[in-house]
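This report refers to the structure that appears directly beneath it.
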Amino acid sequence: QKSPEAHARWWQDHCKLILHLAQLAQESGIEMYCLGTELVKMTTTHTAEWRELINSVRKIYHGKLTYAAHWHEEMQKIQFWNDLDYIGVSAYFPLDAPVGADATALKTAWLPHVKKLQQLHDREGKPVMFLEAGYRGVDNCHREPWAYSGGQPDAQAQARAYEAMFSAFGNKPWFQ
């Protein structure tokens, strides 16, 4: 566990960077700005600080704001979604389907995750977007899409996984 002093130093540096980048985004005409990615312990335990940072960013940046939450450990726990324009997710959800599953079976395997994301949208009243998603071109890529190694090359498995993801969310009005 870091000391309160270490946290304060880190947070001060983080805010300085985020505000600097927000100013650059504003000057550059950037349409959307993401305030961070998968800072799980920070976002789930320091809500007031995040709200203050978001408020400060909005004073200098006038585009849309989001944050990229970890799909498993973070997205449901964040308490400041209502201060942002979008619920951003790093979407490496594991799909419970056998090796070699076709796109229809993979789309079905998305259903529990789609339900959780829609419930999050319903609770927070904000559209959901994936800020990261990916599948390596290997067999079984849908089971652990976050894995950096392993598996046998299989570009078709990768294509089916992407097809299923796009199909699962393509008609959801709450998904961007």
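The values are calculated or read from the model by the stated rules, or taken from the named source; none is laboratory data. The structure displayed is predicted, hence computed values, not measured ones. When we count neighbours, we look across all protein chains shown, and the Cβ atoms used for this are built from the backbone with ideal geometry, even at glycine. Side chains are part of the model used for accessible areas, which takes the heavy atoms of the whole protein and leaves out ligands, DNA and RNA. Shrake-Rupley method; radii C 1.70, N 1.55, O 1.52, S 1.80 Å.
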*Distance between modelled label sites at H62 and V40, nm, 7 Å Cα→Cβ extension*: 3.9
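Report the longest stretch of the chain that contains none of the trypsin sites (Lys or Arg not before Pro) sitting in a DSSP loop with at most 13 other Cβ atoms within 10 Å.
Working: sites that count: K2, K77.
Longest gap between qualifying sites, sites excluded: 78-176.
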_Relative contact order computed over the chain (Cα-Cα under 8 Å; 6+ residues apart), in percent_ = 18
_What three numbers, in Å, describe the spread of the alpha carbons of the chain along their principal axes, ordered from the longest?_
49, 37, 31
*Note down the net charge around I60, summing +1 for each Lys or Arg and -1 for each Asp or Glu among other residues with Cβ under 13 Å from its Cβ.*
+2
*Which of the lysines could a cross-linker bridge to K107, judged by Cα under 28 Å and excluding same-chain residues fewer than eight apart?*
K77, K115, K116, K126, K172
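In the chain, what percentage of the DSSP-assigned beta bridges are antiparallel, given to the nearest 5? It would help to have the intermediate numbers written out before the result.
Details: 1 of 13 bridges.
Roughly 10 percent of the DSSP beta bridges within the chain come out antiparallel.
If you count only protein heavy atoms with a 1.4 Å probe, what accessible area per residue comes out for the stretch 1-158, rounded to a whole Å²? All intermediate terms of the calculation are to be shown ahead of the outcome.
Numbers: 8780 Å² over 158 residues.
So the stretch 1-158 comes to 56 Å² accessible per residue, rounded to a whole number.
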*Round to the nearest 0.05 the FRET efficiency obtained for A6 and N55 when R0 = 22 Å and r is the Cβ-Cβ distance.*
0.35
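Give me the percent of accessible area attributable to carbon and sulfur for the stretch 106-176, probe 1.4 angstrom.
Details: 1980 of 3990 Å².
Accessible surface attributable to carbon and sulfur in the stretch 106-176 totals 50 percent.
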*Each residue of the stretch 112-122 in turn: what ³J(HN,Hα) in whole Hz from Karplus with 6.51, -1.76, 1.60 and θ = phi - 60°, glycine and Pro shown as x?*
x, 6, 4, 4, 4, 5, 5, 5, 5, 4, 4
*Determine which residues of the stretch 80-118 fall in the zone a paramagnetic label at E144 would reach in this model, i.e. backbone nitrogen under 13 Å from the point 7 Å along Cα→Cβ.*
94-95
*When the label point is put 7 Å from the Cα of E31 along its Cα-to-beta-carbon vector, which residues of the stretch 49-70 have a backbone N closer than 16 Å?*
62-66
